[in-house]
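Read the structure below first, then the notes.
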Amino acid sequence: MTMNKKSRSIVHLSSILGCVLILVSFVLLSACGSDDEDTIAPKPRAYFRLAFPEKKYIPYTAACPFSFEMPAYTHIENDKNYRAEPCWLNLEFPSLNGKLHLTYHEVNGDINNYLEQTYELASKHQIKASGIEEKLVSRDSSKVYGLIYEIGGNAASSIQFFLTDSTKHFIRGALYFNVAPNTDSISPVVDFVRKDIYHMIETFEWKNDAASIRFAKAVNKK
């Protein structure tokens, strides 16, 4: 029996659809077979590699009753807080987005109050800290005594310390960075700045009595 024109068109269309289905099936099977090669696996979080400045130190000798060596890539300025007292300083690390706050007090038989305040301020970071390690500072030749608090974990301040001669002077330091605390990302920066803080403490000196008297008179005039 001879097929009419309509029947031949249906058969032709069916053949075309069959070929298309075979081609689509082949493409899908090929894609499934390459899943292992083409799948994008999640990569671990990476952090920027920091270019740290070269270690170099310069002396800090201003009107305050103490001196020390500070990194050449930092600058120091007076604390602008309205509660700030004379010789409250901020040691800025511009390239590292960090700041070391220094608060000085003249001791008048109230050293225990400053010691308690320092301990309380360091202890506040225990909530997010993985631990606090205390390191003793004792230099009899310069009458520089104190403690360094190494605060681990995601604490806002990773290093704090105090120095005193036990009779006339007391200074406290606290390091902060202007970023959210994250041990993985900030650890290399803390390690770098830690060496600067230890160098500062190792070179820290109280000025002679004459300088202390001039400082006290200047404070009383204000």
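The values are calculated or read from the model by the stated rules, or taken from the named source; none is laboratory data. Since the model is a prediction, treat every value here as computed from it, not as a measurement. In this analysis, Cβ positions are derived from the backbone assuming ideal geometry, glycine residues included, and neighbour counts consider all displayed protein chains.
Residue-by-condition table, conditions (1) within 23 Å of Val189 (Cα to Cα); (2) touching an Asp or Glu at 6+ places or on another chain (Cβ under 8 Å):
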residue: His101; (1), (2): yes, yes
residue: Asn113; (1), (2): no, no
residue: Glu116; (1), (2): no, no
residue: Tyr119; (1), (2): no, no
residue: Asp140; (1), (2): no, no
residue: Lys143; (1), (2): no, yes
residue: Gly152; (1), (2): yes, yes
residue: Ser166; (1), (2): no, no
residue: Ile171; (1), (2): no, no
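Taken over segment 140-162, the criterion of being more than 22 Å from the chain's Cα centre (by Cα), of a type outside the set (Gly, Ala, Ser) and closer than 21 Å to Leu89 by Cα is satisfied by Val144, Tyr145.
What number of residues within segment 163-177 satisfy the criterion of being charged (D, E, K, R) and within 17 Å of the chain's Cα centre (by Cα)?
Of segment 163-177, the ones charged (D, E, K, R) are 165, 168, 172.
Within this subset, residues satisfying the condition of being within 17 Å of the chain's Cα centre (by Cα) are none.
Going through segment 163-177 one residue at a time, the tally reaches 0.
Just so you know, in segment 120-135 the residues that are surrounded by 15 or more Cβ atoms within 10 Å (Cβ to Cβ) and out of contact with any Phe, Trp or Tyr (no Cβ under 8 Å at 6 or more places or on another chain) include one that is modelled with the highest pLDDT, and it is Leu121.
If a residue has to be part of a strand (DSSP E or B) and either among the hydrophobic types (A, V, I, L, M, F, W, C) or at pLDDT 95 or above (or both) to count, how many in segment 136-149 make the cut? Step through it out loud before you land on a result.
Of the residues in segment 136-149, the ones part of a strand (DSSP E or B) are 136-139, 144-149.
Next, only the ones that are either among the hydrophobic types (A, V, I, L, M, F, W, C) or at pLDDT 95 or above (or both) stay: 136-139, 144-148.
Residues in segment 136-149 being part of a strand (DSSP E or B) and either among the hydrophobic types (A, V, I, L, M, F, W, C) or at pLDDT 95 or above (or both): 9 in total.
Of all residues in segment 85-120, those satisfying the criterion of being touching a strand residue (DSSP E or B) at 6+ places or on another chain (Cβ under 7 Å), part of a loop (DSSP other than H, G, I, E, B) and closer than 24 Å to Ala63 by Cα are Cys87, Trp88, Val107.
Filter segment 151-167 down to the residues that are assigned to a strand (DSSP E or B) and modelled with pLDDT of 90 or more, then identify the one that is surrounded by the fewest Cβ atoms within 10 Å (Cβ to Cβ). Let's see the steps before the verdict.
Looking only at segment 151-167, we keep the residues that are assigned to a strand (DSSP E or B), and these are 151-153, 159-164.
In the following step, the residues that additionally are modelled with pLDDT of 90 or more were identified as 159-164.
Details: Ile159: 20, Gln160: 25, Phe161: 25, Phe162: 24, Leu163: 26, Thr164: 23.
Among residues in segment 151-167 that are assigned to a strand (DSSP E or B) and modelled with pLDDT of 90 or more, the one surrounded by the fewest Cβ atoms within 10 Å (Cβ to Cβ) is Ile159.
Kindly indicate whether Leu100 is more than 27 Å from Lys168 (Cβ to Cβ) and either modelled with pLDDT of 70 or more or surrounded by 10 or more Cβ atoms within 10 Å (Cβ to Cβ) (or both). Here the answer is no, as Leu100 does not meet what is asked.
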